[in-house]
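The values are calculated or read from the model by the stated rules, or taken from the named source; none is laboratory data. On a predicted model such as this, the values are computed, not experimentally measured, just so you know. Note that we place each Cβ from the backbone using ideal geometry, even for glycine, and neighbour counts take in every protein chain shown. Side chains included, ligands, DNA and RNA excluded: accessible areas come from the protein's heavy atoms. Shrake-Rupley method; radii C 1.70, N 1.55, O 1.52, S 1.80 Å.
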Amino acid sequence: MSETIHIETTINGRDRAFEVAANLTLLDVLRDQLGLTGSKECCVVGECGACTVIMDGIPMNSCLMLAVEIDGRDVITVEGLATDGHLNALQQAFLDLSAPQCGFCIPGQLMSAHALLQRNSDPTIDDVNEALGGNLCRCAGYLQITEAVMVAAKAGKE
Amino acid sequence: MTSNGLVGSSPNRVGGRDRVTGAQQYVADIHLPNELHAKLVKIEEARARIISIDTTKAAQVPGVRLILTPDDLPHPMPRFGPQYQDRPVLAVGEVKYHGEPVAAVAADTREAAEEAVALVQVEYEALPGVHTIDAALDPDAPLVQDPSSRSGDPFAYSNIRTEFNFGWGDISAVEGEADYVIEREYEFPMVTHFAIEPHAFIAEPDGDELNVWSTIQHPYLLQKILAKMLDLPLSKLRIFAPDPGGGFGGKQHAKLEPLVSYMAMKAGRPVRLVMSLEETFQAVRRSSTRVRVRLGLTSEGDMVFSDIETNYLIGAYVDIADRVAGKSSYVAAGPYRIPAVKIVGRTILSNTTPTTAFRGFGVPQITWARESTLDEAALELGIDRLDIRRRNLPEKGFEFIPGDLPADGDWSQTVDKAAELIGWDTPVPEGRGRGIAIGLKSGPTTGLSYSTVRLLVDGSALIFCGTSDMGQGARTVFAQIVAQEMGIPIESINVIMGDTATVPFDQQTSASRSTVLMGTSVYRACKEIHGKVKTMAARLHGADEVDIEVDSGTVRLTGEELPIVDVVREGLGPLGGEVIGNGEMRKEKEPDHPLAGSAAFFEFNCTAIEVEVDGETGEIQIVKHVTVGDVGTALNPQQVKGQDDGAAIMGLGHTLMEVIIHDDTGRIRNLGAIDYRIPTSKDLPLELISASIENKDGPGPYGVKGISEGSLLCTAPAVGSAVRDATGLVIRDLPLTPQRVWEAMRERDRA
Ligand code: FES
Ligand code: FES
């Protein structure tokens, strides 16, 4: 059994303290230990973006991080986007524009988009395509995803 | 009554909310108490004789509960497959392709299972294999499958699995009428599905029953296969099939479910196997092809004959590859009026990943060759590429494949629309080129779909059906049909799928069938409810049933119109309850038909492309991409566009970048996302237009036809045609990578 380490972190706005195995990735700990299965596992090499979470405002591939790295950090996963069961503007736009087909890539797309909108509330289409360029969608709903991000950005401004 | 969710509108996707909150549960998200984690033992060879498997060290890893080797399975080794029972649960005696599992470990944790896998010692002797068409057809080639397992098969002593012969007319009789004959050969590479959700399976023994969770598209076919292998009654084998995270055909048929089931039964505990993306690459791919087209035309461009030979390089086990090859070869001549056609198709076994269904079901490969050859002919004859297609298109109702469904649409409308949207008649801007191509695929040839609709006392409804919603939006469309027919808001409808103990039988989710076949079944279930409501209304109002009409949410009595739900609420009385309707849609086998069934409908698409080719790098920029499909009726226009856009972009994948690369011994060199590229948001056409032709002339409810595959059928030839138009280069192999285009340019400049 590998060594465990005590970490203190904020996940989806909630302070948490727990032990994690030193060798586990953040993705594994989110999915298997914390039951936050919204972050998805696909390539596990940082290429598909299905596992994207936001740490201190920056989108990260959680499959490439060790869980211990979130000690003292603020983490948002897809489960943290809605408040009290109300979708945020980005989620609502994804839903309204039918951006999700199978949905498997969508949590990662949402997290990359959320991080983009946090740092740039008025993105161009190119900004969106660039920010989401690391999120693969084999259903290829790219046009709908980009449009949804643009709609959400507009909604955020109003 | 609300108009929300009616047929022809685009309500929010049913199941969409869970897809944006992360609540949607895919197989890998499901955990069972006491579960074990399985990992596969594989060797780094494409073909090898297994000498021994030593599990001693692996068994000592703490937490390891089970190591399954072929010796632990019944003798002879159980085999399975949708067409032939040729795939063993574990490789037996010989590994036949790179990544074929030779053993498996189940442990308390993933880490323990991984550690143990590394300690299983497999002694083997590498053997020469075949992984190209030429190598497999060499008379001295090693045989992929043991001839003794193919007794009575004339090809048993070769790597040819099956030969298909289709056609009509007599080429030799009409050959003289052709002023011009062209013969070309085109290649289509190996590509893989790359659904973002890797395949995952869980099996749980439960007394004398077995529960299996799978990312499968066809839960009922899986149930049939497992029940037979495990000798269980269907009633004791329950398949849970949560919505797959993308299927595209790769998840149609059983893969490792038998292995995981044997492991769970042996361990007496639930066993889960979540495959890696690399392992998923080693489980599914599209057949690569070499297609030769010989086409005879008059000098005006009328087709006289078409003589086509298709070769599909399939894997070591057949899976559904023979059907893919047969069904796509059958339509190889395309949607044209041709007096004489001869088609010879062939599947060729090789020591490569077993090939399976993949969006388009063999048609993209064939279409690349046919449409590109037609283009070359048009150029040589000096005929416009649009005109040569237009003049050979059949009129609606014309039996262009004798004995099959006649042309089921006014296809010239589709072609004209694509031409108009690309601006075919306008001058091509400097440095660019345009191309156009047509794709045709036959829809399902058989079908059986049952459904149940329960209209509840409060006016809400439940739909039970065995379709898999893997992104195409089946739930939404079925809910729209019920919303329309019952006159209730779509938000009050729940669609239950993915559990064989709960939903009635459905043959499968494939061939863009579900809206047409299951849609008809759901529509009929609604009609049964209408009948019961009519009886109810007659009783309540003392009227004669013949004077009552029930339709689209409304009960019409003489002088009065009432919402169905009001009649039902009153009619059910104080005890409440519900009105249940059952639907059934059958498309029977036709034993005399070459495919054992004519097409339920055709998917007809025309794609037009404008490109710019970088003269320095060979890079192709898709400036404009137009795809038009004949959909009959768009029940949900937003979802139709989503499917068309998605398929079009997927088509750009195999056209521009995707290819599986093998080394000399047949090992895959580009396993996984780093080295196998698929389109991203940065690879899109500058402009993508998906349009539909709607004449309400499909066989499904409200005149719907199947969609979802159309817009990738002819992406490659349309792009190839545009590249040729821009550069003069004829490239007969895919993908059209910058390197390939650059090399072709360099060769041209040298010449
Ligand atoms: S799973 Fe992390 S990037 Fe693919
Ligand atoms: S919605 Fe299916 S992979 Fe993106």
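Tally Lys/Arg at +1 and Asp/Glu at -1 over every other residue whose Cβ is under 12 Å from the Cβ of B:Arg49; what's the total?
-2
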For region B:331-345, in residue order, the Karplus 3J(HN,Hα) values (coefficients 6.51, -1.76, 1.60; θ = phi - 60°; whole Hz; Gly and Pro = x) are 9, 4, 6, x, x, 10, 7, 10, x, 9, 9, 10, 10, 10, x
Taking Cα pairs closer than 8 Å and at least 6 residues apart, the relative contact order of chain B in percent is 15
Rounded to two decimals, the Debye log10 I(q)/I(0) of region A:89-155 (Cα scatterers, no solvent) at q = 0.19 Å⁻¹ is -0.59
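Report, in order of residue number, the helices in chain B meeting two criteria: a C-alpha extent of 24 Å or more along the helix axis, and a mean Kyte-Doolittle hydropathy of at least -0.5; treat each whole DSSP H run as one helix. Don't jump to the answer; show the numbers that get you there.
Working: long enough: B:363-381 (26 Å, -0.06); B:517-541 (36 Å, -0.11); B:637-656 (28 Å, -0.34).
Answer set is B:363-381, B:517-541, B:637-656.
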With all protein chains present, chain B has a carbon and sulfur share of its accessible area (1.4 Å probe) in percent of 48
To the nearest Å², the heavy-atom accessible area per residue of the protein assembly as shown with 1.4 Å probe amounts to 35
Calc'd 3J(HN,Hα), region B:495-502, phi into Karplus 6.51 cos²θ - 1.76 cosθ + 1.60 (θ = phi - 60°), Hz, glycine/Pro = x, comes to 10, 9, 9, x, 8, 5, 8, 10
Taking region B:299-449, the lysine pairs whose C-alpha atoms sit under 17 Å apart (8 or more places apart or on different chains) add up to 4
Links exceeding 22 Å between C-alpha atoms in this model, out of B:Lys527/B:Lys641; B:Lys527/B:Lys705; A:Lys40/B:Lys624, come to B:Lys527/B:Lys641; A:Lys40/B:Lys624
For region A:19-36 the residues that are at least 10 Å² less accessible with all protein chains than alone, 1.4 Å probe, are A:Asn23, A:Leu24, A:Asp28, A:Arg31, A:Asp32
With R₀ set to 22 angstrom, the calculated FRET efficiency between the beta-carbons of B:Glu380 and B:Ala751, to the nearest 0.05, is 0.75
A chain fully extended from B:Asn34 to B:Asp170 at 0.36 nm per residue, minus the present Cα-Cα distance, gains in nm 42.4 nm
With chain B reduced to its Cα atoms and the Debye formula applied, log10 I(q)/I(0) at q = 0.08, 0.09, 0.11 1/Å amounts to -0.68, -0.85, -1.21
Taking r as the C-beta separation of B:Asp134 and A:Ala22 and R0 as 60 Å, the FRET efficiency to the nearest 0.05 is 0.70
Classified through the alpha carbon gyration tensor (a ≥ b ≥ c as square roots of its eigenvalues; rounded if a/c is under 1.5, else prolate when a/b is larger than b/c, else oblate), the protein assembly as shown comes out rounded
A chain fully extended from B:Thr298 to B:Arg337 at 0.36 nm per residue, minus the present Cα-Cα distance, gains in nm 12.7 nm
On complex formation of B with A, accessible surface lost, both sides summed, probe 1.4 Å, nearest 100 Å², amounts to 4000
Residues whose modelled amide H sits under 5 Å from the amide H of A:Asn120, counting only those 5 or more places away in sequence or on another chain, are none
Probe 1.4 Å, all chains present, heavy atoms only: B:Lys255 accessible area in Å², nearest 10, is 10
With all protein chains in place and a 1.4 Å probe, B:Glu709 shows an accessible area in Å² (nearest 10) of 20
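As a test of reading the structure, rank B:Leu90, B:Leu143 by solvent-accessible area (1.4 Å probe, protein chains only), most first.
So the residues, ranked largest to smallest area, are B:Leu143, B:Leu90.
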Expected field for B:Leu635, accessible surface area in Å² at 1.4 Å probe radius, rounded to 10, holds 10
In nm, the gap between the two label points placed 7 Å beyond Cα toward Cβ at A:Val45 and B:Thr535 is 6.2
Whole-Hz Karplus couplings 3J(HN,Hα) for region B:399-409, θ = phi - 60° and coefficients 6.51, -1.76, 1.60, Gly and Pro as x, run 7, 6, 10, x, x, 10, 3, x, 3, 9, x
Rounded to the nearest 500, the 222 nm mean residue ellipticity computed for the protein assembly as shown from DSSP H runs (n ≥ 4, each -39500 (n - 2.57)) alone is -8000 deg cm²/dmol
Here FRET efficiency (C-beta to C-beta, B:Arg556 to B:Asn494, R₀ 35 Å, nearest 0.05) is 0.80
Taking every other residue with Cβ under 12 Å from the Cβ of B:Gly15 and scoring Lys and Arg +1, Asp and Glu -1, one gets +1
Interchain or sequence-distant (5+) residues whose placed amide H lies within less than 5 Å of the amide H of B:Val550 are B:Arg556
Relative contact order of region A:89-155 (C-alpha contacts under 8 Å, at least 6 apart) in percent is 55
Contour minus Cα-Cα span, B:Glu619 to B:Val730, at 0.36 nm per residue, comes to 38.4 nm
Largest-first ranking of B:Tyr220, B:Tyr157 by accessible area, probe 1.4 Å, whole protein assembly kept, is B:Tyr157, B:Tyr220
Net charge (Lys, Arg +1; Asp, Glu -1) of residues whose beta-carbon lies under 9 Å from that of B:Gln25, B:Gln25 excluded, is -3
Pairs over 31 Å Cα to Cα, from B:Lys224/B:Lys587; A:Lys157/B:Lys682; B:Lys266/B:Lys589; B:Lys96/B:Lys589; B:Lys39/B:Lys228, come to B:Lys266/B:Lys589; B:Lys96/B:Lys589
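Top to bottom by accessible area (1.4 Å), largest first, where do A:Arg73, B:Arg750 land?
B:Arg750, A:Arg73
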For region A:4-80, averaging the sequence separation of alpha carbon pairs under 8 Å that lie six or more residues apart and dividing by its residue count, the contact order in percent is 40
